[in-house]
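Values quoted throughout were computed directly from the atomic coordinates according to the rules given, and no laboratory measurement underlies them. Small disclaimer: the values here were computed from a predicted structure and weren't measured. Counting neighbours? That spans all protein chains shown, and the Cβs are built from the backbone with ideal geometry, glycine included.
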Amino acid sequence: MLSATGRSTLRIVGELGDFARFTARGFTSAIGSRRLGRRLTRAVYEQGVRCLPVILIVGTFTGLVLGLQGYHTLKGFGSASLLGPLVANSLVRELAPVLAALMIVGQAGSALTAELGIQRNSEQIDALETMGIDPHGFLVAPRLLAALIVYPMMTSFFALIGLVGGWVSGSVLLPLPGSVYWSSVYRSINPEDVAQCIVKALVFGGLTIALCCYNGFTAHRRSTTTGARAVSASTTRAVVFSSISVLAADYLITSLLV
Amino acid sequence: MSKPDTSSSAPLLEVHGLRKQFGDHVVLHDLNLVVPRGRLLTILGKSGTGKSVLLKCLAGVLAPDAGEVLFEGRPLGTADAPTLAAFRRRCSYLFQGNALLDSLSAWDNVALPLEQATLLPKPEIRARVRDALRRLELEADAARYPSQMSGGMQKRLALARALVTRPEIVLFDEPTAGLDPIRRNAVFTMIAHSQREFGFTAVVVTHDLPEALAASDRVALLVDGTLCFEGAPAEFQASASPAVAAVRDSASHLAGQIAAIRRGEPVPADLA
């Protein structure tokens, strides 16, 4: 029992160290990587443009639900005019960075893990090495850099769409005047909240895309499965670990910045 | 296209006491092998005997557990990054499954090693890629993706990518696996022709005995991770070694076994 716990602990610590080195190498290898622009553009397209519809839908419904629930709750206290600050603070501080990250992981992160896993299984990554091309610089660096560009943009977009959703709930479907909603939203958002939102987006972006790349890149190391099942297991692992890490990192950052 | 210097008699690649294992399973046992410069060496052996592992150790994709691989007399295992990068520029590897990047077109696949691993100007890269595609009759298919090509075309595309850097050594991992006899002959002819034309050193791992004996300058036989024979094809044909005979005479063994089965005799123990 004791030795099994020790073995598991060593394995987890070893894998964490391996992941940290992988991430560091992914970022540093961007420096010497040639013709990075084209691959970076493709990664921005995959993580950003292709995720826009899901961000639009989830952002809209999040705002709608927040507006609906918030209006009825606040009305009970005679404070329906505070709907704007409620929606804005919920979105900017917590919901936009967390939900946008989870949506991008589900849409783009899982796809990139599967793509890298298949490239590993079909020896495409080995082929890059034999051609003298650093696979980290070629495959990982553009995706990590793209995450740092895309996540803050998508988070901001999510927050804006959510605010519109809250206005639709509160002022179009319910009787709160639109001017009251928007003016209170404007007053309630301060620069610290926006900075916290962007910091979270950057951390979640780097962390989740690094986790997705790592799991795809190491698909051949899954001891229990091989081939297509290893790719499937890696993809599941990437999505689960990324989702957990977003929530854990969110708590950590909030506790540090609040 | 300039030919590599083959005038030196020193071997290009050497393997000394190579040992490789995965878990408890030892794949290569204290293997010694010399790859002569400018020649075509074929490595024969049954499936699972360690041929591809040996090739990956030669290419530096796998690190040996013991022993060393020497490139022009210098050990690759302890080489610094610039030396290893220089080796990679002079060596190409043709994977069994071709390992073409499926998100890139044929043109981009061939251009990839030049764009990413050399400092050649763009016009020179374009000229080399066009030349490589033309030599392998793929010029008209430059815009197609690997998934839109037949197995034979993919093989030629992988060969074009392997040769576009003008390597001094090319490692071929079962280049004819899964191909019909006509395609097999065509691929071996293509390898032998390219090797003569460009003067590179070639190491070919294969199961195809007649084609290998016809095309090779040297033949090596691996049995259970041990080198059992190394010599010229004529020496292979004349060898009295039981291990060599088992491979060489496998076709006639098969005919005898089929005839025995048709006569109703019991199936040999190793086939049952």
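Cβ under 10 Å from A:ARG222's Cβ, A:ARG222 left aside: what net charge do those residues give with Lys, Arg +1 and Asp, Glu -1?
+3
Compute the acute angle (0 to 90°) between the alpha-carbon long axis of helix A:191-217 and the principal axis of greatest extent of the alpha-carbon atoms of chain A; round to the nearest 10°.
30
I'd like the orientation of helix A:52-76 relative to chain A: the angle between its Cα long axis and the longest Cα principal axis, in ° from 0 to 90, rounded to 10.
40
Using Cα pairs closer than 8 Å and at least 6 residues apart in sequence, work out the relative contact order for chain A, in percent.
32
Please identify, among A:ILE149, A:ILE55, A:ILE189, the residue showing maximal mean-square fluctuation in a Gaussian network model of chain A using a 10 angstrom Cα cutoff.
It is A:ILE189.
Does anyone have the angle between helix A:141-167 and the longest principal axis of chain A? Alpha-carbon axes, 0 to 90°, nearest 10?
For A:141-167 against chain A, the angle is about 20 degrees.
Just to be sure I understand: of the beta bridges DSSP finds with both ends in the protein assembly as shown, what percent are antiparallel, rounded to 5?
The antiparallel proportion sits near 55 percent.
Pick from B:ILE261, B:ILE191, B:ILE43 the residue whose mean-square fluctuation is largest in a GNM of chain B, springs joining Cα atoms under 10 Å.
B:ILE261
Under a straight-distance cross-link criterion of Cα-Cα below 28 Å, which lysines are reachable from B:LYS155, leaving out those fewer than 8 residues away in the same chain?
Partners within reach: B:LYS3, B:LYS46, B:LYS51, B:LYS56, B:LYS122.
Determine, for B:LYS56, B:LYS51, the number of other Cβ atoms within 10 Å of each Cβ, and report the residues in order from fewest to most.
Neighbour counts put them in this order, fewest first: B:LYS56, B:LYS51.
Compute the signed sum of charges (Lys and Arg +1, Asp and Glu -1) over the other residues within less than 14 Å, Cβ to Cβ, of A:GLN47.
Once all neighbours under 14 Å are counted, the net charge is +2.
Can you compute the helix-only [θ] at 222 nm over the protein assembly as shown? Use -39500 (n - 2.57) per DSSP H run of at least 4 residues, normalise by all residues, nearest 500 deg cm²/dmol.
Dividing the helical sum by the residues of the protein assembly as shown leaves -18500 deg cm²/dmol.
Compare B:ASP80, B:ASP141, B:ASP217 in a GNM of chain B, Cα atoms joined below 10 Å, and give the one with the largest fluctuation.
B:ASP80
Rg to Rh ratio, region A:35-257, alpha-carbon atoms and Kirkwood radius?
Result for region A:35-257 is an Rg/Rh of 1.08.
Can you give the net charge of the other residues whose Cβ lies under 13 Å from the Cβ of B:ALA111, counting K and R as +1 and D and E as -1?
+4
Work out from phi, with θ = phi - 60° and the Karplus expression 6.51 cos²θ - 1.76 cosθ + 1.60, the ³J(HN,Hα) of each residue of region A:123-140, listed in order in whole Hz, and give x for Gly and Pro.
For region A:123-140, the Karplus-derived couplings read 6, 5, 6, 4, 4, 4, 4, 5, 8, x, 9, 6, x, 5, x, 7, 9, 8 Hz, x marking Gly and Pro.
Arranged by the count of other C-beta atoms within 10 angstrom, fewest first, what order do B:LEU13, A:LEU256, B:LEU54 take?
Least crowded to most crowded, the residues run A:LEU256, B:LEU13, B:LEU54.
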